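Let me begin by handing over the structure; questions about it come next.
The values are calculated or read from the model by the stated rules, or taken from the named source; none is laboratory data. Not measured: the values here are computed from a predicted model. Counting neighbours? That spans all protein chains shown, and the Cβs are built from the backbone with ideal geometry, glycine included.
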Amino acid sequence: MAVSAASVPPVPNPYRMTGTFRLLVRGKNVNAETLLSTDYLNHFNEIAMLIEMAPSMPECLDDIRAWRPKTYAEHFHDSNFADRDLAILAYDNAPSQHREPFDRTIERMNEAVAAAVRELGAAIEAGAPERIEAVAQSAARRLHALIDVASGIINGHHAVIHQHQIDAILEGVEGAARPATTAG
């Protein structure tokens, strides 16, 4: 699952039209500061929901395994989002102080999903209901924490979370700090 939002390099700074896109996205479902849209997170909310369903519906493992990462542009190309072309162009022109942490967070979410697929598959194939429950809860918790970080970035908040905290989320460490945000 190596495809990520970071697969598309940011437009070099001298060629970004950030100010123009900030005007164009007014009144759209794209944040005018960050030029990012929370609609992209629906892709991750979908897999989080499937993972949460796994304990009561182990047969959804095929749907979980069928889920694939999508780049930001792929998500919008495949969606019915009214302003999808604008969302893609805005993302391409997003300021690096928002785009870079966002892309890193998306990479982490893709890694978390890949780990969840492996772990859930093994638990389901072993026929261990209590293990399926534990894996699903842990994986969903990790994924929701990272979705919260991405949402904060999209909405112009600077995530107050350190690399070791992100690593702890990915490793499923209990008590890993939920990200706090500050207005950016």
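Taking the condition of being within 17 Å of Leu146 (Cα to Cα) and among the aromatic types (Phe, Trp, Tyr), how many residues in the stretch 64-116 meet it?
Summing the residues that are within 17 Å of Leu146 (Cα to Cα) and among the aromatic types (Phe, Trp, Tyr) in the stretch 64-116 gives 2.
Condition check ((1) surrounded by fewer than 19 Cβ atoms within 10 Å (Cβ to Cβ); (2) assigned to a loop (DSSP other than H, G, I, E, B); (3) among the basic types (Lys, Arg); (4) free of Cβ contacts under 8 Å to residues at least 60 places away in the same chain) across all residues:
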| position | (1), (2), (3), (4) |
| --- | --- |
| Leu41 | no, no, no, no |
| Glu52 | yes, no, no, no |
| Ile64 | no, no, no, yes |
| Lys70 | no, yes, yes, no |
| Ala82 | yes, yes, no, yes |
| Leu86 | no, no, no, no |
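Within the stretch 4-25, can one find any residue that is over 15 Å from Pro95 (Cβ atoms), in a loop (DSSP other than H, G, I, E, B) and at pLDDT below 95?
yes
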